[in-house]
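So the structure is just underneath, and the comments pick up after that.
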Amino acid sequence: MSSHTGSNADVPGGNLPGKHTEAGEAAERSESPFADPGLPPHEPRVQDIDERAAKRSERTVALLFTVSMLATIGFIASYVIFPIDQYVYIWPLGEVSALNFSLGMTLGIALFCIGAGAVHWARTLMSDHELIGERHPIEADEPTKATVLAEFQQGAKESQLGRRKLIRNTMFGALALVPLSGVVLLRDLGPLPGDKLRHTAWAPGKLLVNQNTDEPLRPEDVTVGSLVFVKPQGLEEGTHDFQTEIAKAAVMLVRLEPEDIKDPKELDWSHEGIVAFSRICTHVGCPVTLYEQQTHHVLCPCHQSTFDLADGARVIFGPAGHPLPQLRISVNDDGFLEAQGDFAEPVGPSFWERG
Ligand code: FES
């Protein structure tokens with residue numbers, strides 16, 4: 001705390017004419033170092049006194065909003081124009097994806113121009129009078145609300161939104177267009193699946209090929225007690241869609257005694273007791289792998305759903321929602337096992353059947 005008395009006599013030159021005020025203010029500041037310095041005198045901007053300058057600012061703001069609109073259109077066009085695997089050389093970045101570069105640039109310009117337009121508008125055309133806002137209780141009373149409303153209306157008037165129609169229209173255009181960028185990004189979620197998930201690579205006459213040896217199977221290759229994993233003929237490992245297709249078309253073959261098969265339809269779709277079922281668990285799609293010969297049960301290792309292969313692969317335990325789909329099989333003229341067609345129902349988790 002200062003011990004300074006503030007007397008003019010203590011200030012050098014304090015008693016001289018013309019020095020009194022300056023010295024007094026210095027003394028006051030010394031006593032209260034955080035005194036409110038007050039607002040500088042208001043200086044009108046060139047746009048406040050020159051309508052041509054105001055018009056120039058208006059055109060600048062409109063230009064920025066218009067550039068934003070064009071950039072948004074460019075963003076959307078980029079999606080159509082540039083293939084995903086096209087690269088261009090751009091100094092100093094080097095080789096970059098043409099699509100990503102174009103999307104980034106156009107979206108950046110669109111957002112920047114909206115921001116720059118709004119800032120320029122506020123700095124040059126909206127009212128720049130300093131206002132003092134007093135602190136209020138959080139719950140505003142009616143007169144306060146009326147005051148706020150009046151101030152809002154005054155602000156709207158001072159922003160000249162009604163008068164500067166060019167700014168208003170281009171701003172609405174820019175703000176309306178920019179969300180379209182987000183809509184276009186939904187395209188990255190990929191094409192709609194259509195009915196792809198309802199069909200597999202199985203078709204009439206497709207041979208059942210041993211997944212380990214890549215050899216087509218004859219009935220005598222499937223012995224009692226064994227579980228044979230098969231894939232459709234023509235589905236080659238290493239091809240780009242192999243994983244997608246095998247995830248739907250994976251099948252297991254089991255030989256049962258025909259008299260052990262309880263389900264008449266299952267018996268009808270089998271060949272000499274050889275039954276073919278989808279390996280994809282109907283719970284959440286794990287491959288079913290564990291076979292118990294005595295009971296003819298297969299078990300999914302993920303959540304222990306258990307299916308009875310002698311009874312239409314009915315679920316006898318666990319969270320799976322429905323039986324494993326059966327593939328109808330027969331033997332062709334050359335003695336090889338073949339499919340009679342695709343699965344009659346979607347394979348895998350049962351939610352595909354909903355709706
Ligand atoms: S995925 Fe098979 S039981 Fe859950």
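A few comments on the model shown:
- Full extension of the segment from Lys196 to Lys157, taken as 0.36 nm per residue of separation minus the current Cα-Cα distance, would add 8.2 nm.
- Intensity falloff of the chain expressed as log10 I(q)/I(0), Debye formula with alpha-carbon point scatterers, at q = 0.07, 0.08, 0.15 Å⁻¹: -0.65, -0.72, -1.18
- Shape descriptor for segment 82-218: Rg over Rh equals 1.33 (Cα atoms; Rh from the Kirkwood inverse mean 1/r).
- Student exercise, the chain dipole from Lys, Arg, Asp, Glu Cβ charges, in Debye to nearest 20: 1640
- Entries of Lys145/Lys165; Lys55/Lys157; Lys196/Lys262 with Cα pairs more than 24 Å apart: Lys145/Lys165; Lys196/Lys262
- Kyte-Doolittle mean at least 1.0, axial Cα span of 27 Å or more - DSSP H helices of the chain: 98-124
- Segment 196-353: Rg to Rh, with Rh as the Kirkwood radius over Cα pairs: 0.93
- Overall form of segment 143-194 per C-alpha gyration tensor (a/c, 1.5; a/b vs b/c): oblate
- Gyration tensor verdict on segment 44-105 (Cα atoms; rounded if a/c is under 1.5, prolate if a/b is larger than b/c, oblate otherwise): prolate
- Sparse packing (at most 14 other Cβ atoms within 10 Å of the Cβ) combined with a DSSP loop state is found for the following trypsin sites (Lys or Arg not before Pro) in segment 59-163: Arg135, Arg163.
- Neighbour-count order for Cys113, Cys302, fewest beta carbons within 10 angstrom listed first: Cys302, Cys113
- With at most 16 neighbouring Cβ atoms within 10 Å, loop GluC sites (Glu not before Pro) (DSSP) excluded, longest segment of the chain: 1-129
- Segment 106-142 and segment 277-355: distance between their alpha carbon centers, rounded to Å: 64
- Amide proton proximity set for Ala276, modelled H, under 5 Å, gap of 5+: Leu327
- Shown for Val178, Val275: other C-beta atoms within 10 Å of each C-beta, ranked fewest to most, produce the order Val178, Val275.
All of the numbers you see were taken from the coordinates with simple rules; none came from a lab. This one's a predicted model, so the numbers in the text were calculated from it and none came from an experiment. We place every Cβ from the backbone using ideal geometry, glycine too, and count neighbours over all the protein chains shown.
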